[in-house]
1. Here's a check for you: in the stretch 91-104, which residue that is open to solvent by 30 Å² or more (accessible area, probe 1.4 Å) and touching a residue at least 24 places away in the same chain (Cβ under 8 Å) is nearest to Leu232 (Cα to Cα)?
2. Of all residues in the stretch 333-365, count the ones that are in contact with a helix residue (DSSP H, G or I) (Cβ under 9 Å, 6 or more places away or on another chain) and in a helix (DSSP H, G or I).
3. All but one of (1) in contact with an Asp or Glu (Cβ under 9 Å, 6 or more places away or on another chain); (2) in a loop (DSSP other than H, G, I, E, B) hold for Phe225; state the number of the condition that does not hold.
4. Just wondering, is there one or more residues in the stretch 336-359 that are farther than 30 Å from Gly172 by Cβ, in contact with a Gly (Cβ under 7 Å, 6 or more places away or on another chain) and not hydrophobic (A, V, I, L, M, F, W, C)?
5. Can Gly138 be described as small (Gly, Ala, Ser) and open to solvent by 30 Å² or more (accessible area, probe 1.4 Å)?
6. Name the residue that is most open to solvent (accessible area, probe 1.4 Å), counting only residues in the stretch 35-90 that are over 20 Å from Cys191 (Cβ atoms) and aromatic (Phe, Trp, Tyr).
7. Among what's in the stretch 141-177 and is assigned to a loop (DSSP other than H, G, I, E, B) and either at pLDDT below 95 or polar (S, T, N, Q) (or both), pick the residue that is surrounded by the fewest Cβ atoms within 10 Å (Cβ to Cβ).
8. Among all residue pairs at least 6 apart or on different chains, which show Cβ distances below 6 Å where the first residue, located in the stretch 12-31, is in contact (Cβ under 8 Å) with a residue 24 or more places away in the chain and the second is open to solvent by less than 50 Å² (accessible area, probe 1.4 Å) and basic (Lys, Arg)?
Amino acid sequence: MKIEAFQVEEWMNAYETKATANIAETCVDSVSLQELFELADTDGQKFFEEFSKRRLTYGDIEGRPDLLEGICGLYRTVKPEHVVTCHGAAGANHLTISAIVEPGDHVVSVMPTYQQLYSIPESLGARVDILKLRRENGFLPDLDELRRLAVPGTKLICVNNPNNPTGALMSGEMMRKIVEIADRAGAYLLCDEVYRHLTQDEGYVDSAADLYEKGISVSSMSKVFSLAGLRLGWIACRDPKLRKLLLSHRDYSLISCGVFDEAVAAIALRNRERLLARSRDIIRTNLEILDRWVKEEPMVSYVKPQAGTTALLYFDRSLCPDCAEFCRRLLEEEGALLTPGSCFGEEFCARIGYACDREELKRGLDALSRFMERLAGRQMQSRLL
């Protein structure tokens, strides 16, 4: 199987450990086990004593019962028999698409988004039409264009809500209209929802799994719950035939998730309101910092994100004719890491992750300001010469 290089992951693999101010990270500032136990008011010593006596078998093949209950608490209609646990959301997306899509199928995917949503179906031999998300529309999908692309017989529509990398948030009304389009076409609707619940304003974010019988929600413990090290995600879908198909495919690649990962995730989800409160406090406070910085920087603009942990920063084109080179030089000269917009098919911009430690965010923004000032000074000097 031939597949395109996964640009954002290759960038992070190459440069993440070299940064002194990592403002490319997309998870809400990660917690340690000790911090989790304190937030959850859990006796960590007792947990480890009990777990250390457990034989390390496969555990519950279809998922630990209290973990499944915790996942269901994130939805309105999803029940344990609707959930398939996976190796992170990346594993969930890969499993879903590879189980559904066959050579010759028609798939529609938004872009920019996480590259899995269009590169995996392409690798499987599908015909993929791209629904471009445009800055002038607030990076929200043009529904008339989606209606034109999603012809009858379309196998799968892939969306991402809240969107990575832009932070755009589709309303419940818009999601319902997308469901109508998918239903008319007879298509499955896959919604990558790894940033769901991370909103700047109060209010419930509807899930594709709740809105549509052929709706599929993918999420994980990584972004919202600050536990990426667990490598635990899930698929929520209410179509029993699809769930059976997903489990059949999963037998070839995963069998089950790790018993330790599931035990820790179950504790986190039992205490999800405390973790969500922490995460929302971080993203809301940090976005205020980012927003003030953007307003004070004449060479930077953006569409202010409504949700999630990321945004696209657009730079004066004279400073950033090549966004990958811009980001490499920023890292080399200042130690600050951004992700080039070219990893998402966008130019003259970079993705920032603003949900990191608050002081690290400030250091990274200060470094970016210094770097741009130097670039502008060099350009002025070269013009004078």
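1. We begin by selecting, within the stretch 91-104, every residue open to solvent by 30 Å² or more (accessible area, probe 1.4 Å); these are 94, 98, 102-104.
Next cut, touching a residue at least 24 places away in the same chain (Cβ under 8 Å) only: 94, 98, 102.
Working: His94: 14, Ser98: 19, Glu102: 26 Å.
Selected residue: His94.
2. Qualifying residue count for the region: 11.
3. Unmet condition: (1).
4. Among the residues of the stretch 336-359, at least one is farther than 30 Å from Gly172 by Cβ, in contact with a Gly (Cβ under 7 Å, 6 or more places away or on another chain) and not hydrophobic (A, V, I, L, M, F, W, C), which makes the answer yes.
5. On the way: small (Gly, Ala, Ser): yes; open to solvent by 30 Å² or more (accessible area, probe 1.4 Å): no.
Against the criterion (small (Gly, Ala, Ser) and open to solvent by 30 Å² or more (accessible area, probe 1.4 Å)), Gly138 does not qualify.
6. Once the filter is applied, the top-ranked residue is Tyr58.
7. Initially, the stretch 141-177 is screened for residues assigned to a loop (DSSP other than H, G, I, E, B), giving 141-142, 150-155, 161-171.
With the extra rule that they be either at pLDDT below 95 or polar (S, T, N, Q) (or both), the set shrinks to 154, 161, 163-164, 166, 171.
Numbers: Thr154: 21, Asn161: 29, Asn163: 28, Asn164: 23, Thr166: 27, Ser171: 14.
Selected residue: Ser171.
8. Taking only residues 6 or more apart or on different chains, the pairs are Cys27/Lys223.
The values are calculated or read from the model by the stated rules, or taken from the named source; none is laboratory data. Everything numeric here is computed off the predicted structure, so don't read it as measured data. Methodologically, a virtual Cβ is constructed for each residue, glycine included, from the backbone with ideal geometry; neighbour enumeration extends over all protein chains shown. In case anyone asks, the SASA skips ligands and DNA or RNA and just uses the protein heavy atoms, side chains included. Shrake-Rupley method; radii C 1.70, N 1.55, O 1.52, S 1.80 Å.
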